[in-house]
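Here's the structure, in structure tokens; my notes come after.
The values are calculated or read from the model by the stated rules, or taken from the named source; none is laboratory data. Note that the coordinates shown come from a computational prediction; the quantities given were computed from them, not determined experimentally. All Cβ positions, even for glycine, are placed from backbone atoms using ideal geometry, and neighbour counts span all protein chains on display. Ligands, DNA and RNA are stripped out before the accessible areas are found, and what is left, the full protein with its side chains, is counted by its heavy atoms. Shrake-Rupley method; radii C 1.70, N 1.55, O 1.52, S 1.80 Å.
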Amino acid sequence: MLVKGVVFYLESDLPSEAKFLLEDFRLAVNNAVRAGLQSRVTSRNALCKIAYKGFRLEHPRMYAQHLVSAFEVAGSVLKNRRRRVQKGITCIIPYVKRLMMKAENQAYKLDRKSGVIDLPIRAGCHVELRLVVSQYHRKYLDDVSLTLGSLTVLPDRVIVAFRKDAPKPFVPESALSLDTNERSLDGLFVDGDVAKAVKAEFPDIAIIQQRRHDRRKRLQKKKAHDRRTSRNLCRREGAREHHRIDYRLHQVANSVLKFAEERKSVIVLEDLKGFKSKGSKELNRRLSMWPRRKLHQIIEYKAQWKGIPVFKVDPRNSSRTCPICGRIQDSRMGAEFKCECGWHLDRHINASINLLQTAISKGMAGGLWFNPGAFQHDVMMILYEPAMAARSEPNGTSGIVGVT
Ligand SMILES: [Zn+2]
């Protein structure tokens, strides 16, 4: 089952009854966290068993299902803490500061036509939340194959979870193999006898991250005498940059997936699990900062939602192997891969050829095959470039694939 959370803003302020409910809910979560810590349990059911009766007395008017979902939220807070403790990270007793509440799908009603949520507060008291519905939201509201999951209420917005069964991936008619680099995805699109280089460039992500790193360092130095201020400033800085990077990652993923969907391509990516670079300390820092895994996660998740097959392969030696004769070069190369047999190609695109060949040899679905000799050296298809991120969208042209 796939779940997608969609954010809706409200037409007006949260009604005061709902505000009180948020505060009660937070209180219940924090109490449940303490109860769970005392008796060393983390599951919703166990928390329910030990704490429900006492809670019922403390919050006699709260809707019972909201109480149960407070246990659920407390359970996930406790599980996060346990994970940190197991990793040896010292942590204080968790306290939820953010005002929020979660309601399971039986505990609220959403009229998908009008976009109005009916949220019960307690017996005989309901509030209506009117959602701001855009075209984007309509896509989810009108899709009858999507069922409703939980509802998260925050002071200024709500998040509705839409669920669906994972669609069966299509049988690929072509392949898109991508090598993930610091500033771009470089790869190869193979359709029958035709093989072309493809590129999705996002140099600004690395720039944003570098700037964030520099700013952080400067802030920490400047506010060295005041750790609290320094931490707060860094956090604010971090959140802003995080949004900007996330936005770009989603744009890149969307254009890759649009390309693959239109051409019925399987997407081949390197498996970054256990990936370790042998580069310098500086390079390692840059690589770990740059969220390649995040990009892969987004691509994989969206592909699953759309039923696009994704195949991941072990990237070992992919940037050092000659796809023609199989020789493995031992030294680091420049921008171009060169082999004694005469084969030469952009290093990143060469890596993507190797990824594709590994995928084919591992029995990637479909009768796809690829002959490196068919590669057209003079053609480059652009999947994405920074100009497409200009905030003036949507104008219906973003994400269009250009051939140069
Ligand atoms: Zn060779």
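A few comments on the model shown:
- Residue match in segment 281-291 (condition: in contact with a helix residue (DSSP H, G or I) (Cβ under 7 Å, 6 or more places away or on another chain), open to solvent by 50 Å² or more (accessible area, probe 1.4 Å), in a helix (DSSP H, G or I) and modelled with pLDDT of 85 or more): no
- Among residues of segment 218-247, those that are at pLDDT 85 or above and either under 27 Å from the mean Cα position of the chain (by Cα) or aliphatic (A, V, I, L, M) (or both), counted: 5
- Residues within segment 204-241 that are touching a residue at least 12 places away in the same chain (Cβ under 8 Å), surrounded by 17 or more Cβ atoms within 10 Å (Cβ to Cβ) and polar (S, T, N, Q), tallied: 1
- Criterion applied to Ala70, Ala46 was being in a helix (DSSP H, G or I), touching a strand residue (DSSP E or B) at 6+ places or on another chain (Cβ under 9 Å) and of a type outside the set (Asp, Glu), and the one residue passing it is Ala70.
- Residue under evaluation Leu176, criteria (1) more than 25 Å from the chain's Cα centre (by Cα); (2) within 30 Å of Gln376 (Cβ to Cβ); (3) touching a residue at least 24 places away in the same chain (Cβ under 8 Å), criterion not met: (1)
- Qualifying residues in segment 300-342 (those that are surrounded by 12 or more Cβ atoms within 10 Å (Cβ to Cβ) and among the basic types (Lys, Arg)) - the one nearest to the ligand (Cβ to nearest atom): Arg327
- Of everything in segment 1-34 that is hydroxyl-bearing (Ser, Thr, Tyr) and not in a helix (DSSP H, G or I), the residue that is surrounded by the most Cβ atoms within 10 Å (Cβ to Cβ) is Tyr9.
- Unique residue being farther than 17 Å from Lys113 by Cα, open to solvent by 60 Å² or more (accessible area, probe 1.4 Å), under 20 Å from the mean Cα position of the chain (by Cα) and not aliphatic (A, V, I, L, M) when the list is Glu182, Glu201: Glu201
- Given (1) modelled with pLDDT of 85 or more; (2) loosely packed, with under 12 Cβ neighbours inside 10 Å; (3) small (Gly, Ala, Ser), index of the condition Ser277 fails: (1)
Quick grid of which residues meet (1) open to solvent by less than 40 Å² (accessible area, probe 1.4 Å); (2) free of Cβ contacts under 8 Å to residues at least 40 places away in the same chain; (3) among the aliphatic types (A, V, I, L, M):
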residue: Gly36; (1), (2), (3): yes, no, no
residue: Thr42; (1), (2), (3): yes, no, no
residue: Asn45; (1), (2), (3): no, yes, no
residue: Tyr52; (1), (2), (3): no, yes, no
residue: Arg56; (1), (2), (3): no, yes, no
residue: Ala74; (1), (2), (3): yes, no, yes
residue: Lys87; (1), (2), (3): no, yes, no
